[in-house]
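Encoded as structure tokens, the structure appears first; notes follow it.
The values are calculated or read from the model by the stated rules, or taken from the named source; none is laboratory data. Here the structure is a predicted model, which is why all the values come from computation and not from measurement. Cβ sites come from the backbone with ideal geometry, for glycine too, and all protein chains shown count toward neighbours.
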Amino acid sequence: MKRVLLFLLAVVIALPMICQDNVLNAKITERGYHNPVIPGYYPDPSICRVGDDFYLVNSTFQFFPGVPVFHSKDLIHWEQIGNVLDRPSQVDLSYGGASSGIFAPTIRYHEGKYYMITTNINMLYQRKAGNFIVTADNPAGPWSDPVFLEGVGGIDPSLYWENGKMYLCWSAMNYIALVELDPQTFQFIGEPRNVWDGDGDSSPEGPHIYKKDGYYYLLIAEGGTEMGHKVNIARSRNIDGPYTSNPSNPILTQKRRDSVSSILQGAGHPDLIQAADGSWWIVFLGFRDTVGKQHHLLGRETCLAPVTWEENAWPVVYGKGWVDVNMPDVKTLTQVLMPQASNHVDFKGGKKLGFEWIYINNPVEQNYSYANNQLQLNATAVTLDDPRKTPTFVARRQTDVNCVVTTSMTLRDAKVGDRAGLTVYMEPRGHYDVALVAGADGSQQVELSYRLGELKHVEKTVKLNTKGAVQFKVDATNSHYAFSYSADGKNFLPLGKMDSFFLSTETLGGFTGMLFGLFAEGIEGTKATAVIDWFDYQSGTEYKAVSQY
């Protein structure tokens, strides 16, 4: 009996340790992952490493705050820790429109300081200096106000340091330009020079310089950011060139015989990074054929692939120059899960929106407030259809093809012409809206409508017998967005389905992706307010359809 008791005691003591080891082992793996590693509209990735930590940034175009900052330990699991451009003093998004604003940032770390350089294309359109640098001691911020670079007439700037010298390269639209910068003032030292025309395809852009084995490697994207996007590389013994193209270019493209039928397409705009263990990796944008027939909804997403880079050799991506959504055979860094933003936001305790929420252009701050555990949106006469103005609108990205979005809201002090609701939004010329509207007889109504190019149409209107809170739901699939509403928070009644095809990038154009947004708009002088109780985003079953090309 004593032996049995001692055995049971040993098991009791050891069990927590065994369980703990099992839990840890369940979370730690070193093989396999899925692309994209950052799903949804997060294009043009750039990356740097500090010790065992990786930091990554993306383009944001007309949306504010600009340039999200992500942190990872394994290149696969990422947490957004801030936004670089989070103050009006840092970025002016006026005078722009859809797919204007902030293009292709680069993040770098040098001698204890983080640098982010990017282009505000709106300023270039006005013939002003549109390329600028901001710096920070911590990648989570705060970041400095910008220093603008005179003389950079192109886009996609990148930085490189060597022997106390600082260099800038960028896309001059038809070639890659290079110039030395003063490391204190960030202004030109000498004249820019053309160092590479690319490998003969259109749109040589997104350049980055690396040095390895005595060679300067110049990595770029070509072919335009659509189906024919690709990654090319050249090298030289001298940073000023001449650069010789890799005879095996492109080193990454989905336009190969074996990859043309993949859901993942448009691979390009890359950045290379070496991990602490010596392994090389490439981050790049790609898009998933989420609608079928070569149409996608979620925008260009951040993807990852392993790189083999032998001494004095050219880098080889994933052994074959193309990638896929499922990468089961890849030996990865030790995988470390990262905290994720909550999919349910309830505003209790004056809770504000997380880093992942964005506005159109620079927001009018007084139109957003928090009171009584609710988010309040003040309506204005600026609508979602206005291409160059700032509506009362705040949104998060759609990151899953199949998902369900639900929200609860009340419309107060509304008159005929005032409305507030939930929108499936791509840009001013393409969005589906479900809204509360004020009826002419003083009633409250639910309205389903759409804007597609020059077409604007109310699909369905339902008169309600209550003026209390109403819940809206959107069920998203690869083919449709299905809208429904509830006046009691329990029973949802269908309003209609909208075809996702008409909101795809290939239909509307542009560089962004799908958003789920909350909005309030109305007649001139409106006093209406939308009061939001909560917002919920839930991913559905994984999209497994096969492309139809």
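Exactly one residue out of V474, V458, V462 is buried (at least 17 other Cβ atoms within 10 Å of the Cβ) and either on the phi < 0 side of the Ramachandran plot or of a type in the set (D, E) (or both), and it is V474.
How many residues does the range 306-320 hold that are surrounded by fewer than 23 Cβ atoms within 10 Å (Cβ to Cβ), part of a strand (DSSP E or B) and of a type in the set (A, V, I, L, M)? Residues flagged as surrounded by fewer than 23 Cβ atoms within 10 Å (Cβ to Cβ), part of a strand (DSSP E or B) and of a type in the set (A, V, I, L, M) within the range 306-320 amount to 2. When F502 is tested against (1) modelled with pLDDT under 95; (2) in contact with a Leu (Cβ under 8 Å, 6 or more places away or on another chain); (3) more than 30 Å from Q366 (Cβ to Cβ), only condition (1) is not met.
Number of residues in the range 152-190 that are more than 29 Å from the chain's Cα centre (by Cα) and over 25 Å from G214 (Cα atoms) equals 4.
Of all the listed residues (Y95, Y114), the sole one being outside any strand (DSSP E or B), among the aromatic types (F, W, Y) and in contact (Cβ under 8 Å) with a residue 40 or more places away in the chain is Y95. The set of residues in the range 215-226 that are more than 13 Å from N246 (Cα to Cα) and either crowded, with 16+ Cβ neighbours inside 10 Å or touching a residue at least 24 places away in the same chain (Cβ under 8 Å) (or both) comprises A221, E222, G223, T225, E226.
Anything in the range 321-377 that is in contact (Cβ under 8 Å) with a residue 24 or more places away in the chain, assigned to a strand (DSSP E or B), touching a Phe, Trp or Tyr at 6+ places or on another chain (Cβ under 8 Å) and over 30 Å from P306 (Cβ atoms)? List them, or say none. Residues satisfying the conditions are H344, V345, I358, Y359, I360, Q374, L375, Q376, L377.
Per the listing D488, D533, the residue uniquely modelled with pLDDT of 95 or more, over 20 Å from P36 (Cα atoms) and charged (D, E, K, R) is D533.
For the range 420-448, the set of residues classified as surrounded by fewer than 21 Cβ atoms within 10 Å (Cβ to Cβ) and either in a strand (DSSP E or B) or without any contact (Cβ under 8 Å) to a residue 12 or more places away in the chain (or both) consists of D441, G442, Q444, Q445, E447, listed by residue number.
Condition check for S262 on (1) of a type in the set (S, T, N, Q); (2) under 19 Å from D201 (Cβ atoms); (3) crowded, with 22+ Cβ neighbours inside 10 Å: one failure, at (2).
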